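**Q** Below you will find the structure I want to go over with you.
The values are calculated or read from the model by the stated rules, or taken from the named source; none is laboratory data. Not measured: the values here are computed from a predicted model. Note that we place each Cβ from the backbone using ideal geometry, even for glycine, and neighbour counts take in every protein chain shown.
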């Protein structure tokens, strides 16, 4: 079997590999062998290529130029590198767009997303999907049995640059067929969506347009259906390539590289067709680009928030049936795409690498080998400068390789806390937020971060996951609750925390007849009778915490667990179940999670600011994200196999029992 990691042994017992993203088509052929030699010298054993090379692979319709790619793969293989070969469908060439100009996506205003960068295609366009399968088949026929190729990557970063939702004719026509398959009869659709409201009823599926260009907001049920359809198109597009690769290159892993804080399609559905879920880790770019406070953006400007990378490690581990995952692009220096692009603090590239190992990664692949002096990413750092001189990240990657060799396999992670997240939860809260910034993804992140500040290990799981072996289950925000989760919760002996808006909608975006939390009333008897979103400064303060931004009022026989100074209840408790009736702001989330962890009998270690803990096997791994030295809590005794009890900035320690 050819895989991008060593799976002659169980995943937890296999060493994590290091790799790099390389574009041989960018560099003189005479340079390839020296590049490959230096990669191996740095401790890299995998190289990811090809995902943007369609115009070089097929410069004219039907005329393939394999020579350069044959030679590049041979040079890399001869140096001892295993190749992860990408299908080039994220960048269809100009001749193809000219052949079928309607293959491009349209934005919500009906403007074409045209040629000249990347991802200029509509997932729903049948002609483009056939072309994507054709070029994938050609690649797999050429390289499917090549011993150099250890794995395949489909496409690149599905949905990047807001390209999941397309408002093209192809999407409209496909959506109509999808609706007919789902509802069978247009009267059933009208009933499910509540189209009697505002006289929105349809006489046929052919009369239904996409939910854009409406005078005011479109029906939320219409929007949710379109989101489901668009997500399904990504899954079908990916599956078509996977089927070709499985046919022509059996025994090799198939992977895709997902992104950070991105929920536009259901990654669990796409992951079901993959062997390994990959993701692209850019902690500094994500910190600057997403909803972090200005204080955090300054404090962690060169390190990234201490939970950004770990959150995605644990999220994507739950996106495949196997639990296998990898970092396919790791930031090695400044990026080019955020509003501000500082360089990492010295030591952070090594820290990010070892943290991925502690969370169970099979591979960390740095993006990229050499900074390219032309086109859109001229300021995006690599392991080498454009003049081939080593950039700071190369030395840190080499040090990480030495650390990995000394440490050996990380071992199996513990089962402590299951945090439930579903992609449609973020769609629902995005379609009907009711308050600024109140998205399910960020409720999940806040709960995750609170658990990590307590030194707890977290698995992020879909609502269909088994809960066996966990002591605590946290459901931060899950508006649509599948019956399978209710059954699992009823049988679950551990502690449960249910967050706001959970169970608040049916599968068709209606309020449940029994009021929220709907199906969850089977484990927490209550009715949410009123909700309010609170403007900044309108707070109900408690002892070190506050209710802010969102508040639910319950009618329930449950006991009040957390009460604000003015008598407002922030959290209720019924047996082993808590219901958080307010948004999980950091201080409030800390208090609720600490109480639930205590009742679950979990071992808690209050982490100093910026310090994070991850257990794997019999070891504790600690990572200092602060710019000052920190002391590892005395409650974590043991022998240091890496680092010391006092960790400097970007310091890493590994502790095992004496």
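**Q** Report whether or not residue 419 is at pLDDT 95 or above and either closer than 30 Å to residue 354 by Cα or out of contact with any helix residue (DSSP H, G or I) (no Cβ under 6 Å at 6 or more places or on another chain) (or both).
**A** Answer is yes for this residue.
**Q** Evaluate the stretch 371-378: report whether one residue or more is touching a strand residue (DSSP E or B) at 6+ places or on another chain (Cβ under 8 Å), surrounded by fewer than 23 Cβ atoms within 10 Å (Cβ to Cβ) and outside any helix (DSSP H, G or I).
**A** yes
**Q** May I pose another question? Restricting to the stretch 142-177, give me the number of residues that are outside any loop (DSSP other than H, G, I, E, B) and surrounded by fewer than 20 Cβ atoms within 10 Å (Cβ to Cβ).
**A** Residues that pass the stated criteria total 6.
**Q** While we're on this one: Would you mind finding the one in 296, 288 that is surrounded by fewer than 24 Cβ atoms within 10 Å (Cβ to Cβ), more than 16 Å from the chain's Cα centre (by Cα), closer than 19 Å to residue 439 by Cβ and without any contact (Cβ under 8 Å) to a residue 12 or more places away in the chain?
**A** It is 296.
**Q** Then there's this: Can residue 395 be described as at negative phi and without any contact (Cβ under 8 Å) to a residue 40 or more places away in the chain?
**A** Yes, satisfied.
**Q** When the residues of the stretch 100-126 are filtered to those that are surrounded by fewer than 14 Cβ atoms within 10 Å (Cβ to Cβ) and under 24 Å from residue 62 (Cα atoms), which remaining residue is nearest to the chain's Cα centre (by Cα)?
**A** In this case the residue turns out to be 117.
**Q** Which ranges mark the helices (runs of 4 or more DSSP H) fully within the stretch 35-123 that have 1 or more residues being free of Cβ contacts under 8 Å to residues at least 24 places away in the same chain?
**A** Once the helices (runs of 4 or more DSSP H) in the stretch 35-123 are filtered for at least 1 residues that are free of Cβ contacts under 8 Å to residues at least 24 places away in the same chain, what remains is 67-78, 94-99.
**Q** Moving on to the next point. Out of the residues in the stretch 598-609 that are at pLDDT 95 or above and in contact with a helix residue (DSSP H, G or I) (Cβ under 8 Å, 6 or more places away or on another chain), state the one that is surrounded by the most Cβ atoms within 10 Å (Cβ to Cβ).
**A** Within the stretch 598-609, the match that is surrounded by the most Cβ atoms within 10 Å (Cβ to Cβ) is 607.
**Q** Taking strands (runs of 3 or more DSSP E) that fall entirely within the stretch 480-597, which contain at least 2 residues that are surrounded by fewer than 17 Cβ atoms within 10 Å (Cβ to Cβ) and either out of contact with any helix residue (DSSP H, G or I) (no Cβ under 6 Å at 6 or more places or on another chain) or in contact (Cβ under 8 Å) with a residue 12 or more places away in the chain (or both)?
**A** In the stretch 480-597, the matching strands (runs of 3 or more DSSP E) lie at 526-533, 550-556, 559-563.
**Q** Also, I was wondering about something else. I'm trying to understand the selection: among the residues of the stretch 189-220, which are touching a helix residue (DSSP H, G or I) at 6+ places or on another chain (Cβ under 8 Å), in a helix (DSSP H, G or I) and either over 19 Å from residue 177 (Cα atoms) or assigned by TED's automatic domain parsing to the domain that holds residue 429 (or both)?
**A** 220
**Q** Regarding the stretch 615-630, can at least one residue be identified that is assigned to a helix (DSSP H, G or I), modelled with pLDDT of 95 or more and closer than 29 Å to residue 437 by Cβ?
**A** no
**Q** Any idea which of (1) closer than 17 Å to residue 357 by Cα; (2) modelled with pLDDT of 95 or more; (3) buried (at least 22 other Cβ atoms within 10 Å of the Cβ) is the one residue 443 doesn't satisfy?
**A** Answer for residue 443: the failing condition is (1).
**Q** Could I ask something else about it? Scan the stretch 400-432 residue by residue and report those that are in contact with a strand residue (DSSP E or B) (Cβ under 8 Å, 6 or more places away or on another chain) and either within 25 Å of residue 601 (Cα to Cα) or in a loop (DSSP other than H, G, I, E, B) (or both).
**A** If the condition is that a residue be in contact with a strand residue (DSSP E or B) (Cβ under 8 Å, 6 or more places away or on another chain) and either within 25 Å of residue 601 (Cα to Cα) or in a loop (DSSP other than H, G, I, E, B) (or both), then 410, 411, 412, 413, 414, 415, 416, 417, 418, 419, 420, 421 are the ones that fit.
**Q** While we're here: I want to confirm something. Restricting to the stretch 178-215 and keeping residues that are closer than 23 Å to residue 511 by Cα and touching a residue at least 40 places away in the same chain (Cβ under 8 Å), which single residue is surrounded by the fewest Cβ atoms within 10 Å (Cβ to Cβ)?
**A** Selected residue: 182.
**Q** What single numbered condition from (1) in contact (Cβ under 8 Å) with a residue 24 or more places away in the chain; (2) at negative phi; (3) not in a helix (DSSP H, G or I) fails to hold for residue 449?
**A** (3)
**Q** If you go through the stretch 232-245 one residue at a time, do you hit one that is closer than 21 Å to residue 109 by Cα and in the same structural domain as residue 309 (by TED's automatic domain parsing)?
**A** Yes, the conditions are met somewhere in the stretch 232-245.
**Q** What are the residue pairs meeting all of these: first residue in the stretch 599-619, first residue closer than 17 Å to residue 469 by Cβ and in the same structural domain as residue 471 (by TED's automatic domain parsing), second residue surrounded by fewer than 16 Cβ atoms within 10 Å (Cβ to Cβ) and at pLDDT 95 or above, Cβ atoms under 7 Å, and 6 or more apart or on different chains?
**A** none
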